[in-house]
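The values are calculated or read from the model by the stated rules, or taken from the named source; none is laboratory data. On a predicted model such as this, the values are computed, not experimentally measured, just so you know. Virtual Cβ from ideal backbone geometry, glycine too; neighbours counted across all protein chains shown. The area values use the complete protein model at the heavy-atom level, side chains included, leaving out ligands, DNA and RNA. Shrake-Rupley method; radii C 1.70, N 1.55, O 1.52, S 1.80 Å.
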Amino acid sequence: MKSSVKLPKKWLGFSLVEVTLAMGIASLGLLTILGLMPQGLEMSRKTGQIVSERHLVEQIIRNLEQTSWNLVTVGDSMKYYDDQGVEMESANELGRTFSAKIEVASTNLRMPGAKTDETALKKVTIKVTSSQQRNFDFSEPNSRNYRTFVQYIAKGR
């Protein structure tokens, strides 16, 4: 059975105005999404860098905690790492991504219940940068070019 209802020709498609409005709305949405991409990529890069820095700090602290107490000397030292967190011999090696300045200070704090006057805590300050400068200056206070992490390590036995 065939339908005998015929639609007028003006109802069979979209008008030019409707198509133009639809294209304008779609273009606006696409441009908005594309405009947000650089910000998203920059945030992703910064987040990855922060995660890598925190991983390096945890690795340094674990190494210090496992080192004999007498070998953890008061003073500062520099360490260099590649983008995978592998320690490098010097700042001159290719692939160096992170530099870390490790400062160990003796404290006057003693562990609760300690029977001797021996200091049982050492304060470790770690400054990490991703700058490619070979001799990066960590002495700038409140610098945005590096992050500072502070941790106390205790004498094991």
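Numbers at a glance
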{"quantity": "Farthest toward positive dipole pole in segment 12-94 [+1 Lys/Arg, -1 Asp/Glu at C-beta], among GLY13, THR67, VAL86", "calculated": "GLY13"}
{"quantity": "Residues of segment 38-99: accessible area per residue with a 1.4 Å probe, Å²", "calculated": "68"}
{"quantity": "Cut-off 11 Å between beta-carbons: net charge of the residues surrounding VAL128, Lys and Arg +1, Asp and Glu -1", "calculated": "+4"}
{"quantity": "Ranked order, GLU42, GLU53, GLU65 - accessible area, probe 1.4 Å, largest first", "calculated": "GLU65, GLU42, GLU53"}
{"quantity": "With DNA, RNA and ligands ignored, accessible area of ASP83 (1.4 Å probe; Å², nearest 10)", "calculated": "90"}
{"quantity": "Accessible surface of segment 1-108 [probe 1.4 Å, protein heavy atoms]: carbon and sulfur percent", "calculated": "62"}
{"quantity": "Accessible surface of VAL86 - all protein chains present, 1.4 Å probe, nearest 10 Å²", "calculated": "80"}
{"quantity": "DSSP-loop GluC sites (Glu not before Pro) across segment 69-110, with at most 13 other Cβ within 10 angstrom", "calculated": "GLU89, GLU93"}
{"quantity": "Radius 13 Å from Cβ of LEU56, net charge of other residues (Lys, Arg +1; Asp, Glu -1)", "calculated": "+2"}
{"quantity": "FRET efficiency for VAL74 and GLN133, using Cβ-Cβ distance with R0 set to 35 Å, rounded to 0.05", "calculated": "0.85"}
{"quantity": "Entries of LYS101/LYS122; LYS46/LYS122; LYS127/LYS155 with Cα pairs more than 19 Å apart", "calculated": "LYS46/LYS122; LYS127/LYS155"}
